[in-house]
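K.L.:
Starting off with a structure, shown below.
The values are calculated or read from the model by the stated rules, or taken from the named source; none is laboratory data. Note that the coordinates shown come from a computational prediction; the quantities given were computed from them, not determined experimentally. Every residue, glycine among them, receives a Cβ derived from its backbone with ideal geometry; neighbour counts consider all protein chains shown. Protein only, heavy atoms only, side chains kept; ligands, DNA and RNA dropped before computing areas. Shrake-Rupley method; radii C 1.70, N 1.55, O 1.52, S 1.80 Å.
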Amino acid sequence: MLVMQITSLPEVLLSSMSVKVCAIIVTRNRLKSLQKTIHSLLQQTFPIYNLIVVDNDSTDGTKDFLKSLSIPVRLQIIFQSNLGGAGGFNAGLALFRNSEAEWCWLMDDDGWADCTALEYLKPENTSGIWWRNSLVLNESNTNELAFSLCADGVWTNDKDIIISAERPIHTCNPFNGTLLHKSLVDDIGLPISQFFIKGDETEYQRRAQRYGYITETYVNSIFYHPAIREHNVGNVPDSRVWIYYYKVRNINAFGDRAGHIRFDKKASFTIAKEYTAETVTSYLGGKLKLKGALIRLWIIWSGVVASCLNHPFRWYIPCNK
């Protein structure tokens, strides 16, 4: 892992900020999206103090872009092998813990913040809620959420329902405009790299709640992201099927501040049966060939095996993700 530090503002100006917020972006091979994300951070009405970008071994020109990047805030860049979103946020938060900033603002490289998003998360209010999430809207249709939330006992993607729901809203879309106080990170530990992807962010939120922290979505703080909708595994391109190993293995897993993982083998088995039924139905319906069906079943049940053994095998690591 290589860390580059670039200071673009005079130290006297940086140190004058009363409440310091460190933004953290994890990226891999999404150069255009990353540029949009960074631009949105520099337009905030509540200015960020510094920016940490974690690059998971990009091959699309991202490295050269980051090395030449000049922005009016302190910039720190971590170049590392592809450790997934979990390993990226682990590295970024570890660097944040040794910084002067009080808050960190987490996001992937394919989301971007409204210019008032950080202001409405109220970082100057340093008491009470230590996990504050932006409301994540579908960038293609801002009347709906990119990911569902639960409010008043109902899970929905309808923005109007969430906006009009009773406050507070304790469900969140973690690591998409997520503002965390350093005291929370110090207390519950770091995201666990071994998750790689899928479930690491929800495990981190559940861990925070298990350690006694309230998590809340601030509906006036707007973050944009492509809509994510669950697909039938039979309709997923072969190049993306590897994800299901992590979806099955990581579901409902528990982590602790020391970085230990306990997988939920019952939940893994249950979801694997659902994915198996989808695969068989797709094969019998002619949507999948036998080879594609067998590959899916192998990947799905590999996740169950890893869960039952309680071992975070990294059996599937994509070359282009």
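K.L.:
Could you count how many residues in the range 285-297 are within 22 Å of I317 (Cβ to Cβ) and either modelled with pLDDT under 95 or loosely packed, with under 13 Cβ neighbours inside 10 Å (or both)?
P.N.:
Matching residues across the range 285-297 total 1.
K.L.:
Scan the range 204-233 for residues that are buried (at least 19 other Cβ atoms within 10 Å of the Cβ) and closer than 18 Å to T270 by Cα and jot them down.
P.N.:
Answer for the range 204-233, where residues must be buried (at least 19 other Cβ atoms within 10 Å of the Cβ) and closer than 18 Å to T270 by Cα: just V233.
K.L.:
Looking only at the range 47-58, which residues are open to solvent by 40 Å² or more (accessible area, probe 1.4 Å) and out of contact with any Lys or Arg (no Cβ under 9 Å at 6 or more places or on another chain)?
P.N.:
P47
K.L.:
Of everything in the range 237-283, what is of a type in the set (F, W, Y) and more than 15 Å from Q194 (Cα to Cα)? Give them in sequence order.
P.N.:
Hits for the range 237-283 are W242, Y244, F269, Y275, Y283.
K.L.:
Using the structure shown, decide if G255 is under 26 Å from F147 (Cα atoms), among the small types (G, A, S), at pLDDT 95 or above and touching a strand residue (DSSP E or B) at 6+ places or on another chain (Cβ under 6 Å).
P.N.:
yes
K.L.:
Sticking with this structure for a sec: For the range 268-284, indicate whether the set of residues that are open to solvent by 60 Å² or more (accessible area, probe 1.4 Å), closer than 19 Å to T202 by Cα and in contact with a strand residue (DSSP E or B) (Cβ under 7 Å, 6 or more places away or on another chain) is non-empty.
P.N.:
Scanning the range 268-284 turns up no residue that is open to solvent by 60 Å² or more (accessible area, probe 1.4 Å), closer than 19 Å to T202 by Cα and in contact with a strand residue (DSSP E or B) (Cβ under 7 Å, 6 or more places away or on another chain).
K.L.:
Kindly establish whether E230 is under 21 Å from A151 (Cα atoms) and without any contact (Cβ under 8 Å) to a residue 24 or more places away in the chain.
P.N.:
For E230, the condition - under 21 Å from A151 (Cα atoms) and without any contact (Cβ under 8 Å) to a residue 24 or more places away in the chain - is met.
K.L.:
So, one more: Can you find a residue that is closer than 21 Å to T142 by Cα and either touching a strand residue (DSSP E or B) at 6+ places or on another chain (Cβ under 7 Å) or assigned to a loop (DSSP other than H, G, I, E, B) (or both) anywhere in the range 195-216?
P.N.:
yes
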